[in-house]
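A short reminder: the numbers here are calculations on the coordinates, not readings from a lab. Keep in mind the model is a prediction, meaning the values are calculated, not measured. Cβ placement follows ideal geometry from the backbone for every residue including glycine, while neighbour counts extend to all protein chains displayed.
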Amino acid sequence: MNNTLIAVDKSGSYRVYVTISTELAEQARAIHGAEPVAAAALGRTVTAAGIMGLMLQADGDKLTVKIGCDGPVREILATAYPNGAVKGYIADPAVDLPLRESDGKLDVGRAVGSGTLTVIKDLGLKEPYVGRVDLVSGEIAEDFTNYFYISEQQPSSVALGVLISPDRTVAAAGGFILQVLPDALDECLDRLEMQLRHLPPITELISQASDVRELMDLIFLGMPDLYSPEVLEERNIFWQCDCSRERMEKALISIGRKDLRQLIEEDHGAELTCQFCRRQYNFSEEELKKLFEEASHE
Ligand SMILES: [Zn+2]
């Protein structure tokens, strides 16, 4: 069973992407060794990025989400592709905050704080598309809703949730991105607004649902038939890092001869870690000397 559904309601008023991204969020958490609140922030971000990756059209397209913030997590990155592959990074995975006093939930807003949300879409054109908005709450879903509205002039509703188990792994994760279509019926939008306003927390729905279809049914429970979503496509979003030894070699060559010489003479080798998947790449002094020959003289 795929974990993501793309659906449009029968009146053609909205499109919705619904996903259960538990595995993706858990892999992100495990790779980075993230504490609960950091794992939730990272899980929400890779989930949104994963869905947005599916919105890309061509195979070579790439989407990067960057949250730069003054909260203790400092920075969150996610890169996604049209095939559903996503990778993510959080600058400080060790951030651990007390639960929110008001409702006992993970305080993602405080972990993130204020800052900006940047979306970079590399569509194979000369210049990538870059959209940037200020964070609204640091809760991530609201920040994406605001991004779609301000940067893409696309009225949307975004819900993202990550539930952490007592053993500090991800118990459930997922969410949806709903987009209002140009010929939307007012009546449908009114009904939808009411539906979403009374929606239980998304993590509650995800934990109740046995699969993504059931999750979609729970989100739109009670909606009139005409305004209920019909599935167009089933897709998958999943963790995958595309780093390789070749890429690391290129990165080393690009630092230039001066820095390479320093690595050769002082460190007698180099150990590079992929910031997304934490995989380590070791280069011996001999290997560095070869790369040195390829590097420019500047
Ligand atoms: Zn990697």
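Using a simple charge model, +1 on the beta-carbon of Lys and Arg, -1 on the beta-carbon of Asp and Glu, nothing else, what dipole does the chain show about its Cα centre, in debye to the nearest 20? List each step's numbers first, then the result.
Numbers: 29 positive and 48 negative charges, 57 e Å.
The calculation lands at about 280 debye.
Once the convex hull of all Cα atoms in region 139-298 is built, its volume per residue stands at 203 Å³.
Taking every DSSP helix (H) stretch of at least 4 residues in the chain, weighting each as -39,500 (n - 2.57) and dividing the sum by the residue count yields a mean residue ellipticity at 222 nm of -9500 deg cm²/dmol. Residue-wise HN-Hα couplings along region 30-40, as the Karplus relation 6.51 cos²θ - 1.76 cosθ + 1.60 with θ = phi - 60° gives them from phi, are 5, 4, 8, x, 7, 6, x, 5, 5, 5, 5 Hz; Gly and Pro carry x. At full extension, Asp167 and Lys126 could sit 10.1 nm farther apart than now, given 0.36 nm per residue minus the alpha carbon distance.
Checked against a 28 Å cut-off, the cross-linked pairs Lys66/Lys105; Lys66/Lys250; Lys66/Lys258; Lys10/Lys87; Lys126/Lys290 give Cα-Cα distances beyond that limit for Lys66/Lys258; Lys10/Lys87; Lys126/Lys290. Taken over the C-alpha atoms, the chain has Rg and Dmax values of 21.1, 72 angstrom. Among residues other than Asp211 with Cβ under 12 Å from its Cβ, the summed charge is -2 (Lys and Arg +1, Asp and Glu -1). For region 245-294, what class follows from the C-alpha gyration tensor (a ≥ b ≥ c being the square roots of its eigenvalues): rounded when a/c is under 1.5, otherwise prolate if a/b is larger than b/c, else oblate? It comes out prolate by the Cα gyration axes. Across region 285-291, computed HN-Hα scalar couplings (Karplus, 6.51 cos²θ - 1.76 cosθ + 1.60, θ = phi - 60°) run 4, 4, 5, 5, 5, 4, 5 Hz from first to last residue, x flagging Gly and Pro. Extending 7 Å from Cα along the Cβ direction at Asn282 and again at Arg261 yields two label points whose distance is 2.7 nm.
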